[in-house]
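Please read the structure below before turning to the comments.
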Amino acid sequence: MSTSPPIASTIVDSPLGPLTLLASPEGLRSVGWEGEPSAVVSAVKCPEASALAGDSPPTASILRAAVTQLDEYFRGLRTTFDLPLAPCGTPFQRSAWEVLRTIPFGHTMTYGEQARRLGGANKARAVGAANGRNTLAIIVPCHRVIGADGSLTGFAAGVERKAWLLRHEAAVRALADRRLR
């Protein structure tokens, strides 16, 4: 019998299709789209995770906050997330994901730049692989990473979703900029 904390889940609608959210008492583990089972499988197979279980007060609270903040993001009312996160990954993956969290809303970074921030431009392929294992879509914004030539390469949920997210953020940012003038 596992002594690991339970994982709770919920499914929410988004403009890009249903999102499955998984949380443990430590934080949000996964945000992924239907047809993107790797995020869910990775979050559940995490060494600290146990089988899906009922809502405990901490997990229910984390899921409610995530649902609210994602709704605000899609409505153009939120540009940053304030949630406890508990992704599972190697030390390198976690470092790559931390760099993702530094990319401002409505901006992009190349894989090469992300690799340089991790200590070496020669790590671009490793960065791409780490980003592909990111289980916290949108919250940890791997959609903001682009190819050196500006192309929208690599996104586990599909390049169409990546393009939509970038257009959404650009439109929200442009509207905010106009309001400031």
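All of the numbers you see were taken from the coordinates with simple rules; none came from a lab. Just so you know, these numbers come straight off a predicted model, no measurement behind them. Here the Cβ is made from the backbone with ideal geometry for all residues, glycine too, and neighbour counts use every protein chain on show.
General remarks:
- Charged-residue dipole, Cβ positions (Lys, Arg, Asp, Glu), the chain about Cα centre, Debye nearest 20: 600 debye
- Taking the chain and dividing mean pair separation by its residue count, relative contact order in percent (alpha carbons under 8 Å, at least six apart): 21 percent
- Backbone phi angles across the stretch 95-111, fed through the Karplus curve with coefficients 6.51, -1.76 and 1.60 (θ = phi - 60°), yield HN-Hα couplings of 5, 4, 5, 5, 4, 4, 5, 8, 6, x, 3, x, 10, 10, 9, 7, 4 Hz in residue order; Gly and Pro are listed as x.
- Derived scalar couplings between HN and Hα for the stretch 20-34 equal 9, 10, 10, 9, 10, x, 7, x, 5, 9, 7, 9, x, 8, 4 Hz in order, rounded to whole Hz, by the Karplus curve 6.51 cos²θ - 1.76 cosθ + 1.60 (θ = phi - 60°), x for Gly and Pro.
- Helix-only [θ]222 nm of the chain, DSSP H runs n ≥ 4, -39500 (n - 2.57) each, per residue, nearest 500: -13000 deg cm²/dmol
- Relative intensity, log₁₀ I(q)/I(0), of the chain from a Debye sum that treats every alpha carbon as a point, q = 0.19 Å⁻¹: -1.31
- Count Lys and Arg as plus one, Asp and Glu as minus one, and take only other residues whose Cβ is under 15 Å from that of ASN122; the net charge is then +3.
- Counted charge near ALA148, where neighbours are those whose Cβ lies closer than 12 Å (Asp, Glu -1; Lys, Arg +1): -1
- Order of CYS142, CYS88 - criterion: other Cβ atoms within 10 Å of each residue's Cβ, fewest first: CYS88, CYS142
- Among VAL145, VAL159, VAL31, the largest mean-square fluctuation in a Gaussian network model of the chain (Cα springs under 10 Å) belongs to VAL159.
- With neighbour counts taken as other beta-carbon atoms within 10 Å, the residues TRP97, TRP164, TRP33 rank, fewest first, as TRP164, TRP33, TRP97.
- Sorted by Cβ density within 10 Å, fewest first, the residues ARG144, ARG125: ARG125, ARG144
- With each label modelled as a point 7 angstrom along the Cα→C-beta vector, the PHE105-ARG181 pair spans 2.0 nm.
- Top positive-direction residue, dipole computed over the chain with Cβ charges, set VAL12, LEU180, PHE155: LEU180
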